[in-house]
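Read-outs: derived from the displayed coordinates by stated rules, not from any lab. Only a predicted model underlies this, so the values are computations on that prediction, with no experimental measurement involved. Cβ sites come from the backbone with ideal geometry, for glycine too, and all protein chains shown count toward neighbours.
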Amino acid sequence: EDKVVQSPLSLVVHEGDTVTLNCSYEVTNFRSLLWYKQEKKAPTFLFMLTSSGIEKKSGRLSSILDKKELSSILNITATQTGDSAIYLCAVEAEGNTGKLIFGQGTTLQVKP
Amino acid sequence: NAGVTQTPKFQVLKTGQSMTLQCAQDMNHNSMYWYRQDPGMGLRLIYYSASEGTTDKGEVPNGYNVSRLNKREFSLRLESAAPSQTSVYFCASSEIWPGQFDAYTFGSGTRLTVV
């Protein structure tokens, strides 16, 4: 059975800290891994990582895919209170359907 | 830029009642999805429609039906609501080409409570 596991499930840090969120997967036909940020409502897209693009960066956020270890990390440097959210990892594992398997999510709280 | 529009935003049902959640996208995407989100369980796929005219079951389809009315609209129906269907429901759409997949655009969600 395909599955995606995130850790930790929750995290509390102070502004300025650096955090690392983890995502591991077991799927039979890996195609891509995605990270989303979810605040009050709908998840918003952060990164997509594939075999041809294993590292992405946008401002203070960066992500790396380790295909050997079947995992990915999401790093956030110099955290701000606006980074407080649920971070979701998802894997596309079946061709031409777009079906995503989501992890449980990591809830990040950044305190002032 | 409307993106993906879901209605209603909130709903309270009594056990046994039926209702339809509506979803429409204006991005001309070919694929649409319904997920439910429960605390500690991430998002789980209920049904999806890879293209207009097709629908398929996801991970948790029991108790639900769907209709892909046209390319824009994908509705989710609860025929006889149960308390276990209390959840937040998200509709999403994406564009898929052979060998390539575009990240989802999500609707703002429907918070459903079944009492």
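Couple of notes before you dig in:
- Average beta-carbon neighbours from other chains, 10 Å sphere, peptide B:104-114: 3
- The charge dipole of chain A, taken about the Cα centre with unit charges on the Cβ atoms of Lys, Arg (+1) and Asp, Glu (-1), comes to about 260 debye, rounded to the nearest 20.
- Loop trypsin sites (Lys or Arg not before Pro), segment B:2-75 (other Cβ atoms within 10 Å of the site Cβ: 14 or fewer; DSSP): B:Lys9, B:Lys14
- Per residue, the convex hull spanned by the alpha carbons of segment B:1-96 comes to 97 Å³.
- Peptide A:42-51 shows a mean partner chain C-beta count of 4 within 10 Å per residue C-beta.
- Segment B:14-79: relative contact order as a whole-number percent, Cα under 8 Å and 6+ apart: 37
- Here the Kirkwood formula puts the hydrodynamic radius of segment B:44-115 at 13.4 Å, using every distinct Cα pair.
- Annotation: the antiparallel percentage among DSSP beta bridges lying fully within chain B is about 90.
- Taking the number of Cβ atoms within 10 Å of each Cβ as an exposure proxy, the fewest-first ranking of A:Val4, B:Val114 is B:Val114, A:Val4.
- Under the combined filter of DSSP loop state and at most 12 neighbouring Cβ atoms within 10 Å, segment B:42-115 retains these GluC sites (Glu not before Pro): B:Glu79.
- Peptide A:28-40 has a mean of 2 when you count, residue by residue, the C-beta atoms of other protein chains within 10 Å of its C-beta.
- The Cα atoms of segment B:1-51 define a convex hull whose projected area, averaged across directions, is 4.9 nm².
- Relative frequency of Cα-Cα separations exceeding 18 Å in segment A:51-112, percent: 47
- Only Lys, Arg (+1) and Asp, Glu (-1) charged, at Cβ; segment B:33-114 dipole about Cα centre in debye: 180
- Using equal-weight Cα scatterers in the Debye expression, the normalised intensity of chain A in log10 at q = 0.11, 0.23 Å⁻¹ is -0.32, -1.32.
- For the protein assembly as shown, the Kirkwood hydrodynamic radius from C-alpha pairs, put into Stokes-Einstein at 25 °C and a viscosity of 0.890 mPa s, yields a diffusion coefficient of 136 µm² per second.
- Amide H within-cut-off set for A:Gly105, under 5 Å, with H built and near neighbours excluded: A:Gln6, A:Cys89
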